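Just below is one structure, and these are the notes that go with it.
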Amino acid sequence: MSPPPAPADAGPVEPAPPEPLRPASATRGSSAPRASARSRRRAPQTWRDRMLGEVFFFLLGLGVWLSNASFTVLGVTAPVGLTPLTGLLGFLFHVLLSRAELSLWYRWRDPWYLLLLVGCVLVDAGTTLVGLLPLAATWLPGLVGTTPQNVLDWGHLVTALGGTTSVPAWWPNALLLVAMSFAFALGSERLLRRFSRGMVETWQERPG
């Protein structure tokens, strides 16, 4: 038996035309510029928000420091009265005392420096307490209560702690005022330095 005849040649088969490819610029090119533009806009906006926050914290620390300075000035000038000259001297005393405390904190492991540090903190807290009492009695009378506005009259509390007399009823107010004085004395300078350093560092990171 002879093999079946080969099919007749129908001619060359033309390949199907390829589908037109959508250019990449048409699919991603339109969103990429928008994304980069948003990122460029977001970077200054994020830095601006951070900068506003740092400025707020700096002003907060400055207010605490100025409050402590006011209390110290009032406490230092209490025996002689507040005048422009005594106020200026009291402010200089506050600045020098705060600087001394900061430098002594780094050397507190030395017993002599520790003794000087304790003395400076006690002077700072004491003058702050003397200046805080009259202002608190005027603006926050509930905070002071029946506490004597002259710290020298607090001897009743000292003798009561010794067990010779009864504890006065105003001892919680006195304890709270002493705690506030130590908080102002110990924290005001550190808050101001920390927040001012943060504001300067954020300013240096501003976008070009």
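The values are calculated or read from the model by the stated rules, or taken from the named source; none is laboratory data. A quick note: this is a predicted structure, and the numbers were derived from the prediction, not measured. Cβ: placed from backbone, ideal geometry, glycine included. Neighbour counts: every protein chain shown. Only protein heavy atoms, including side chains, enter the accessible area calculation; ligands, DNA and RNA are left aside. Shrake-Rupley method; radii C 1.70, N 1.55, O 1.52, S 1.80 Å.
Among the numbered criteria (1) surrounded by fewer than 14 Cβ atoms within 10 Å (Cβ to Cβ); (2) among the hydrophobic types (A, V, I, L, M, F, W, C); (3) over 22 Å from Pro134 (Cβ atoms), which one does Leu192 miss?
Result: Leu192 passes all but (1).
Looking at Leu102, Leu89, which is the one that is of a type in the set (A, V, I, L, M) and either at pLDDT 95 or above or more than 23 Å from Met199 (Cα to Cα) (or both)? Don't jump to the end; show me each part of the working.
Working: Leu102 fails: either at pLDDT 95 or above or more than 23 Å from Met199 (Cα to Cα) (or both).
Exactly one residue qualifies, and that residue is Leu89.
Count, please, the residues in the stretch 53-71 that happen to be surrounded by 20 or more Cβ atoms within 10 Å (Cβ to Cβ) and farther than 15 Å from Arg194 by Cα.
The qualifying residues number 3.
Which of the residues belonging to the stretch 49-73 are in contact (Cβ under 8 Å) with a residue 12 or more places away in the chain, hydrophobic (A, V, I, L, M, F, W, C) and out of contact with any Leu (no Cβ under 7 Å at 6 or more places or on another chain)? Steps first, answer last, please.
Step one: of the stretch 49-73, the residues in contact (Cβ under 8 Å) with a residue 12 or more places away in the chain are 50-51, 54-55, 57-58, 60-62, 64-65, 67-73.
So of that shortlist, the ones also hydrophobic (A, V, I, L, M, F, W, C) come out as 51, 55, 57-58, 60, 62, 64-65, 69, 71, 73.
Once the filter is applied, which keeps residues that are in contact (Cβ under 8 Å) with a residue 12 or more places away in the chain, hydrophobic (A, V, I, L, M, F, W, C) and out of contact with any Leu (no Cβ under 7 Å at 6 or more places or on another chain), the stretch 49-73 yields Met51, Val55, Phe57, Phe58, Leu60, Ala69, Val73.
Out of the stretch 158-170, which residues are more than 28 Å from His94 (Cα to Cα) and either part of a loop (DSSP other than H, G, I, E, B) or of a type outside the set (S, T, N, Q) (or both)?
So in the stretch 158-170, the residues more than 28 Å from His94 (Cα to Cα) come out as 159-170.
Ala160, Leu161, Gly162, Gly163, Thr164, Thr165, Ser166, Val167, Pro168, Ala169, Trp170 - these are the residues of the stretch 158-170 that are more than 28 Å from His94 (Cα to Cα) and either part of a loop (DSSP other than H, G, I, E, B) or of a type outside the set (S, T, N, Q) (or both).
Could you count how many residues in the stretch 102-126 are under 17 Å from Ala174 (Cα atoms) and either open to solvent by 20 Å² or more (accessible area, probe 1.4 Å) or free of Cβ contacts under 8 Å to residues at least 40 places away in the same chain (or both)?
Final tally of qualifying residues: 2.
Of the residues that sit in the stretch 72-101 and are under 12 Å from Val130 (Cβ atoms) and under 27 Å from the mean Cα position of the chain (by Cα), which one is surrounded by the most Cβ atoms within 10 Å (Cβ to Cβ)?
Residue satisfying both the conditions and the ranking: Thr72.
Filter the stretch 170-205 down to residues that are touching a residue at least 24 places away in the same chain (Cβ under 8 Å) and either among the hydrophobic types (A, V, I, L, M, F, W, C) or touching a Pro at 6+ places or on another chain (Cβ under 7 Å) (or both), then give me how many there are.
15
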